[in-house]
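Rule-based calculations on the coordinates, nothing more; no lab input. As the structure is a prediction and not an experimental result, all values here were calculated from the model. Methodologically, a virtual Cβ is constructed for each residue, glycine included, from the backbone with ideal geometry; neighbour enumeration extends over all protein chains shown.
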Amino acid sequence: MAPVAPRSGDAIFANVERVNAELFTLTYGAIVRQLLTDLEEVEEVNKQLDQMGYNIGIRLIDEFLAKSNVSRCVDFKETAEVIAKVGFKMFLGVTASVTNVDADGTCCSLILEDNPLVDFVELPDTCQGLYYCNILSGIIRGALEMVSMKTEVTWLHDMLRGDDVYELQVKLLKQVPEEYPYKDDE
Amino acid sequence: MQFFGGSEISPSPPAPTVSGNNAHMMYVFNRNGVCLLYREWNRPLHTLNAQQDHKLMFGLLFSLKSLTAKMDPTSAEKGNLGVPQLPGQGCSFHSFRTNTYKLSFMESPSGIKIILVTHPRTGDLRDSLKYIYNLYVEYVVKNPLYTPGTPIRCELFNTTLDQYVRGLG
């Protein structure tokens, strides 16, 4: 049996049921709005969004792997490329680009020029510290953790704060090998 | 217009290789060795209690995987025997056959392991295991009330799985 070629992000995106983009954007907006009301502190909202993203990410990875036929990546740079070209396309309908790969290939940036989460959004003065899309960084962190990579994901640029692009920095902290989970005397 | 319909389960189920119900049992483990699912269709002999049985199966796969990687003549770079590997690393076996049964095995890069034990004359089940992985995604992972890492108690998944495995060669 020949190995199945990985599917492109476009092919998968074309084949899944989609929801109305506006409904999606507004639903996400409603969640952020509710969190702001419930938690009051912007910092807390950032944390909560990240945690929610993490919980999504640890599930999303299996759907991603099942539908894309992607197998293990050779290095971290390829991982970032796959997230940018296949992952973002498959789940958000946009693609990102990978830049600023550092010398040892453990840190790089994902640049998003088009971000469907932020249509209609303007940050008011009261929410200046808010990372509106913080759910995305949590998703990436959670998904990568499930494929044995501990990462740190931070926003470097945010268009809602006046930058030109959205830039997410993904930093590989360590790779966690699989270990035999039982003790011998159990 | 359907907004929240289920997405297609790809690939579509591969055609059965032989007809007849000859699956014995199936295991699903996660990356931490937790047995998420154990289904039994035809297993006259039980020698161990369920927990020991799961542990034995997981241990078998774990050792066999590192053994097969160690024996790989095509790759220059390999770990030492017993040294932990990243899931999906190196070469990996997908089935073995004894004179009384065949064990098919699939591991996703996220560490989900699916094991299907069938009649020894069953054909290649790699596509079928992949399809079962897709079922797991659709019926278990996407269920918001399922807590990841806990045993699967999901009627819909079990029924669909039973149906699919019964039709399997």
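Peptide B:30-38 is shielded by partner chain Cβ atoms: per residue, an average of 2 of them sit within 10 Å of its Cβ.
When the charge dipole of the protein assembly as shown is built from unit charges on Cβ atoms (+1 for Lys and Arg, -1 for Asp and Glu) and taken about the Cα centre, the candidate among A:79, B:93, B:135 whose Cα reaches farthest toward its positive end is B:93.
With the charge dipole of segment A:42-175 set up from +1 on Lys and Arg Cβ and -1 on Asp and Glu Cβ about the Cα centre, the Cα lying farthest toward the positive end among the listed residues A:155, A:124, A:57 is that of A:57. Applying both filters, DSSP loop and at most 16 other Cβ atoms within 10 Å, to the GluC sites (Glu not before Pro) of segment A:1-53 gives A:17, A:40, A:41. Using only side-chain charges placed at the Cβ, +1 for Lys and Arg and -1 for Asp and Glu, the dipole size of segment A:42-175 relative to its Cα centre rounds to 640 debye. For segment A:42-175, taking Cα atoms only, Rg and Dmax work out to 14.4, 45 Å respectively. Look at the stretch A:54-61: the mean tally of other chain Cβ atoms within 10 Å of its residues' Cβ atoms is 3.
Non-local lysine pairs in chain A, meaning eight or more places apart or on different chains, with alpha-carbon distances under 30 Å, amount to 28. Give me the angle, in degrees from 0 to 90, between the Cα long axis of helix A:134-146 and the longest principal axis of the Cα atoms of chain A, rounded to the nearest 10. Roughly 10 degrees between the two axes. Relative to the 2.2 N^0.38 Å rule of thumb, segment A:1-103 has a C-alpha radius of gyration ratio of 1.29. Let me check against my output: what whole-number percent is the relative contact order of chain A, with C-alpha pairs under 8 Å and at least 6 apart? After rounding, I find 25 percent. Exposure proxy ranking for A:139, A:12, based on other Cβ atoms within 10 angstrom of each Cβ and starting from the fewest, stands as A:12, A:139. Taking every alpha-carbon pair within the protein assembly as shown, the share separated by more than 33 Å comes to 34 percent. In terms of other Cβ atoms within 10 Å, A:153, A:19 run from fewest to most in the order A:19, A:153. A Förster radius of 51 Å, combined with the Cβ-Cβ distance separating residue A:38 from residue B:71, puts the computed FRET efficiency at roughly 0.35.
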